Amino acid sequence: MDDRHVEIWKNCLSVIKDNTEPQSFATWFKPIVPLSLNGNVLTIQVPSQFYYEWLEDKYIDLLKMTLKRFLGPEAKLNYSIVMDNSERPYTVQMPGTNRNNPKNPIGMPAPDKLSEGPINPFVIPGLQKKTIESQLNENYTFDNFIEGECNRLARQCGLEVARKPGGTAYNPLLIYSGTGLGKTHLCHAIGLEAKRLHPELTVLYVQAEQLYNQYFTATKNNNRVDFIHFYQMIDLLIIDDIQFLAGKTGTQEVFFQIFNFLHQNNKQIVITSDKFPSELQNIESRLLSRFKWGLTADLQMPDVATRTAIIREKLYINGITLPEDVIQYLASNLRTSIRELEGVMISLMAQSSINKKSITIEMTQQIIERFMRNSVKELSVEYIINIVCDYFKISPEQLSLNTRKQHVVQARQIAMYLSKKYSNASLAAIGAQCGKKDHATVHHACKTINDRLETDKQFNQMMVEIERKIVL
Ligand code: ADP
Ligand code: MG
């Protein structure tokens, strides 16, 4: 028997594996069975319609690229869908639904579990409201959400909303920021505080991705009305990462209805987004215009003092101590997101306990470097040059020119510095790609940039912006 399809799929998988998170790979690719290969058409079997849509939605580029690599430019992919067993309609496990919050009721429990515990929104809507599990993470409180210039407005408005849900001008309250700057933390804090002050209210935190998954399942099972009714019972609805709904017109439509209903009934809505509303693409304009009814507040990267305070708070919560100079080093060197800051702190603790060494600046330095490389996979010098050129509005050719024009020299030095920080390339290789310079020039550039970072606040701010473009 010809099992070239098996071979081809095996090859594809090895590429896909390198390009996806282990969790996603296990969830979405492992269950796929290659069925046949007809010319350049590979047919794969997926467990359900949902898988198919998910793959098409999330992984189409990766799939295309991989298939073309093994089957040539005309490669095509065919899906064969195994129909869901209709007796177990709620068992599709969404990625991530249970990751942060194991009690999550909307992780679609098996049908036989539905009689116990919190209610499943699609099955028994209209039951006693207070049995709805809010999906709030108890660790994300206002108390440990450190205040700074960077988040004052959002934090303050969040507090007011929690005190008087539906009773302020901030409805909806839309919080936006880049990743890792505290949106999720803040909206959990709002939910927790509202529940503490008003135990009678029904509060629900839901990621936009969950909303989409639920709606998908509800539609499939003809439960659309139940779905809407369920959401209409909520007094404080928190939707995290609304940008996920981009292009998901069905879910947007239904959310629009829910939104209007809740708003008309003075219920509170809190939304987070990683973009400013007007920059959200593929979100219907009538929904966007609703967002403007309330208040939009952003979260910025905290300044060094606030970062230091956040580090101390995290150390305190985890019962850990770090030498003062290491704290200062972390606060001044990690400038792109708080999540990254936390990641490095965790690695530090782990390293020091494994090696039984006390934590020093040198060790911190190494871990930051390694962390950056791991978290930002395979950044090439070329990629970094492109981002820097884009930022300074010059072409990569201009960057390589042998010129003394100040803005070109600066862009080149920045490109060198960032390449050293984020790529695995040697100084010589970096130099070669930045206008045929030698490794000493790169070394000098790195030093120059470092000096400026330490002394020039505005320059610092600019570098943060560029680095965010690189890592996010
Ligand atoms: P986002 O949702 O914007 O991607 P998160 O809310 O997940 O970001 O925040 C990332 C991490 O940073 C979380 O662990 C959070 O507790 C922490 N964090 C963010 N802002 C603050 C703050 N002001 N004080 C304390 N911790 C913070
Ligand atoms: Mg988040």
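With the cut-off at 23 Å, tell me which of the pairs Lys164/Lys292; Lys421/Lys469; Lys58/Lys469; Lys30/Lys248; Lys30/Lys58; Lys314/Lys357 have Cα atoms farther apart than that. From Lys164/Lys292; Lys421/Lys469; Lys58/Lys469; Lys30/Lys248; Lys30/Lys58; Lys314/Lys357, over 23 Å: Lys30/Lys248.
When DSSP beta bridges are limited to those with both residues in the chain, what percentage is antiparallel, rounded to the nearest 5?
On the way: 5 of 28 bridges.
Looking only at bridges with both residues in the chain, the antiparallel portion is about 20 percent.
The lysines within cross-link reach of Lys436, meaning a Cα-to-Cα straight distance under 18 Å and a gap of 8 or more places when in the same chain, are Lys405, Lys420. In plain terms, the chain from Glu342 to Glu200 could stretch by 47.6 nm, reckoned as 0.36 nm per residue minus the Cα-Cα distance.
In this simple spin-label approximation, Ser358 and Lys393 carry label points 7 Å from Cα along the Cα→Cβ vector, and these lie 5.3 nm apart. Stretching Glu147 away from Gln351 to a fully extended chain increases their span by 70.4 nm, per 0.36 nm per residue minus the current alpha-carbon distance. Only aspartates and glutamates eight or more places from Lys220 in sequence, or on another chain, were considered; those with a Cα closer than 12 Å are Asp84. In the stretch 304-374, the inverse of the mean reciprocal separation of distinct Cα atoms equals 12.0 Å; this is its Kirkwood hydrodynamic radius. Subtracting the Cα-Cα distance of Asn40 and Gln257 from 0.36 nm times their residue separation leaves 73.7 nm of extension gain. Amide H contacts of Gln207: Asp240, each under 5 Å away and 5 or more positions distant or on a separate chain (H built 1.01 Å from N in the peptide plane; Pro and chain starts excluded).
Where does each of Trp54, Trp9, Trp293 land when they are ranked from fewest to most other beta-carbon atoms within 10 angstrom?
The fewest-first ordering by Cβ neighbours comes to Trp293, Trp54, Trp9.
Calculated mean residue ellipticity at 222 nm for the chain: -16000 deg cm²/dmol, from DSSP H runs with n ≥ 4 weighted as -39500 (n - 2.57), summed, divided by the residue count and rounded to 500. Quick one: pull the percentage of alpha-carbon pairs in the chain with a separation above 45 Å. Of all Cα-Cα distances in the chain, 21 percent exceed 45 Å.
Measuring r between the beta carbons of Ser332 and Glu56 and using R0 = 51 Å, the FRET efficiency lands at 0.70.
Laboratory data are not the source of any read-out in this text; all were calculated from the coordinates shown. Please read all numbers here as calculations on a predicted model, not as lab measurements. Note that we place each Cβ from the backbone using ideal geometry, even for glycine, and neighbour counts take in every protein chain shown.
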